[in-house]
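J.: I have a structure here, written as structure tokens, and I will follow up with some questions on it.
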Amino acid sequence: KAGVTQTPRYLIKTRGQQVTLSCSPISGHRSVSWYQQTPGQGLQFLFEYFSETQRNKGNFPGRFSGRQFSNSRSEMNVSTLELGDSALYLCASSFRALGEGNQPQHFGDGTRLSIL
Amino acid sequence: DAKTTQPNSMESNEEEPVHLPCNHSTISGTDYIHWYRQLPSQGPEYVIHGLTSNVNNRMASLAIAEDRKSSTLILHRATLRDAAVYYCILMRSGGSNYKLTFGKGTLLTVNP
């Protein structure tokens, strides 16, 4: 069974640009969550999508947005990139929505985003 | 929001048991305690989770204090492959108003 796939694995951008990251969940999983991981702040929840709807959102500015398609694949977009956006962005999928069943999340290996 | 506190690092010897603690003194009744681990250059991997009772699976055991203000992840026989950062996470159930609270993680070093 294929795991969660994130593309690209590495990305370099400059300040002010925008970026789109992609996540393909495990087949049959309808929930996709996004996280930001930095050495200083650790793992922080960005948002969750379930059946193409955003269900919950962490404490991040509006520059961070996402969407989910009918096949459950999800994209995350960050506009007007700042140096502080340099991080590992992780995607996780699960069958049921977060908060509606305590279940494991399956993580991808992340996209390493570097802002110059 | 409920917070979790973990030691920054711990060290163990191969084939010995390891007890990784997590404090969550402000845990609420609907918070599930999840543990994940992360190896270098990989995403986190689910280890175990529980609500009130102790839990066992093929990877580890989770011991939850009676007042639920702390928990301990137990690796019964550490191997070199268990060297990773271990995260204690609270996942609050409750429709779309759930909250996710992450600890900073414990870096586990396993000595051969």
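J.: When the residues of region A:34-48 are narrowed to those that are farther than 20 Å from B:W35 by Cβ and of a type in the set (A, V, I, L, M, F, W, C), which ends up surrounded by the most Cβ atoms within 10 Å (Cβ to Cβ)?
T.: A:W34
J.: Looking only at region B:4-21, decide whether some residue is within 11 Å of another protein chain (Cβ to nearest Cβ), of a type outside the set (F, W, Y) and crowded, with 16+ Cβ neighbours inside 10 Å.
T.: The answer is yes, given that some residue of region B:4-21 is within 11 Å of another protein chain (Cβ to nearest Cβ), of a type outside the set (F, W, Y) and crowded, with 16+ Cβ neighbours inside 10 Å.
J.: Starting from residues that are modelled with pLDDT of 95 or more and of a type in the set (K, R), keep the ones in region A:1-29 and report whichever is nearest to B:G94 (Cα to Cα).
T.: The qualifying residue nearest to B:G94 (Cα to Cα) is A:R9.
So that you can scan it fast, the table gives a plain yes or no per residue for (1) more than 13 Å from chain B (Cβ to nearest Cβ); (2) basic (K, R):
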{"residue": "A:T7", "(1), (2)": "yes, no"}
{"residue": "A:G16", "(1), (2)": "yes, no"}
{"residue": "A:L46", "(1), (2)": "no, no"}
{"residue": "A:K57", "(1), (2)": "no, yes"}
{"residue": "A:G110", "(1), (2)": "no, no"}
{"residue": "A:L113", "(1), (2)": "yes, no"}
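J.: Let me ask another. Would you pick out the residues in region B:74-97 that are under 18 Å from B:P44 (Cβ atoms), facing chain A (nearest Cβ under 7 Å) and at pLDDT below 90?
T.: B:M91
J.: I would also like to ask the following. Filter the strands (runs of 3 or more DSSP E) completely within region A:13-116 down to those with at least 3 residues that are touching a His at 6+ places or on another chain (Cβ under 8 Å).
T.: So the answer is A:87-94.
J.: Next up: May I ask you to verify whether A:E82 is at negative phi and away from every other protein chain (no Cβ under 14 Å)?
T.: So A:E82 fits the description; yes.
J.: Note down all Cβ pairs under 6 Å where the first residue falls in region B:9-24 and is closer than 13 Å to B:A84 by Cα, the second is of a type in the set (G, A, S) and in a strand (DSSP E or B), and they're at least six residues apart or on different chains.
T.: The qualifying pairs are B:V18/B:S12.
The values are calculated or read from the model by the stated rules, or taken from the named source; none is laboratory data. These numbers were taken from a predicted model, which means no experiment stands behind them. Reconstructed Cβ throughout: ideal geometry from the backbone, glycine too, with neighbour counts over all protein chains shown.
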